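K.L.:
My questions all concern the structure below.
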């Protein structure tokens, strides 16, 4: 009997997700998210695929940069650094997006957002 009562309370507080997706705040969240993720993804893919492309079709990266260390090794090391930096930036930005999402849910629980 207790589980049924809990279910009824939970269903009374259900959020209309269709209304959420049509709200201005949700559309702004999605726009901000796309504005952040798309350029970051393009940068990552270009930087990642540049190494095999340059090593396949040019000899520039085979020249020494520092002593016997060639540019290929520096570029490969830069890819590891780039990955960690992008992950850190994404985690910090995702926290901002999570706060926005929590605010949207809170708005909807309190009565909705006028379009």
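K.L.:
Which residues, taken from the stretch 84-115, are touching a residue at least 12 places away in the same chain (Cβ under 8 Å) and closer than 24 Å to residue 43 by Cβ?
P.N.:
86, 89, 90, 93, 97, 100 - these are the residues of the stretch 84-115 that are touching a residue at least 12 places away in the same chain (Cβ under 8 Å) and closer than 24 Å to residue 43 by Cβ.
K.L.:
Got a number for residues in the stretch 1-56 being at pLDDT below 80 and under 19 Å from residue 111 (Cβ atoms)?
P.N.:
Residues in the stretch 1-56 being at pLDDT below 80 and under 19 Å from residue 111 (Cβ atoms): 9 in total.
K.L.:
Sort through 42, 104 and tell me the only one that's in a helix (DSSP H, G or I), in contact with a helix residue (DSSP H, G or I) (Cβ under 8 Å, 6 or more places away or on another chain) and closer than 23 Å to residue 29 by Cα.
P.N.:
104
K.L.:
If we keep just the residues of the stretch 43-69 that are over 18 Å from residue 82 (Cβ atoms) and touching a strand residue (DSSP E or B) at 6+ places or on another chain (Cβ under 9 Å), which is surrounded by the most Cβ atoms within 10 Å (Cβ to Cβ)?
P.N.:
So, considering only residues that are over 18 Å from residue 82 (Cβ atoms) and touching a strand residue (DSSP E or B) at 6+ places or on another chain (Cβ under 9 Å), the one surrounded by the most Cβ atoms within 10 Å (Cβ to Cβ) is 62.
K.L.:
Cβ-Cβ below 9 Å, separation at least six or inter-chain, first residue in the stretch 41-70 and touching a residue at least 12 places away in the same chain (Cβ under 8 Å), second surrounded by 13 or more Cβ atoms within 10 Å (Cβ to Cβ) and in a strand (DSSP E or B): which pairs?
P.N.:
Close Cβ pairs satisfying both conditions: 61/70.
K.L.:
Taking residue 74 as the residue in question, decide whether it is in a helix (DSSP H, G or I), farther than 30 Å from residue 108 by Cα and touching a strand residue (DSSP E or B) at 6+ places or on another chain (Cβ under 8 Å).
P.N.:
Criteria met by residue 74.
The values are calculated or read from the model by the stated rules, or taken from the named source; none is laboratory data. Everything quoted here is computed from the prediction, not taken from an experiment. In this analysis, Cβ positions are derived from the backbone assuming ideal geometry, glycine residues included, and neighbour counts consider all displayed protein chains.
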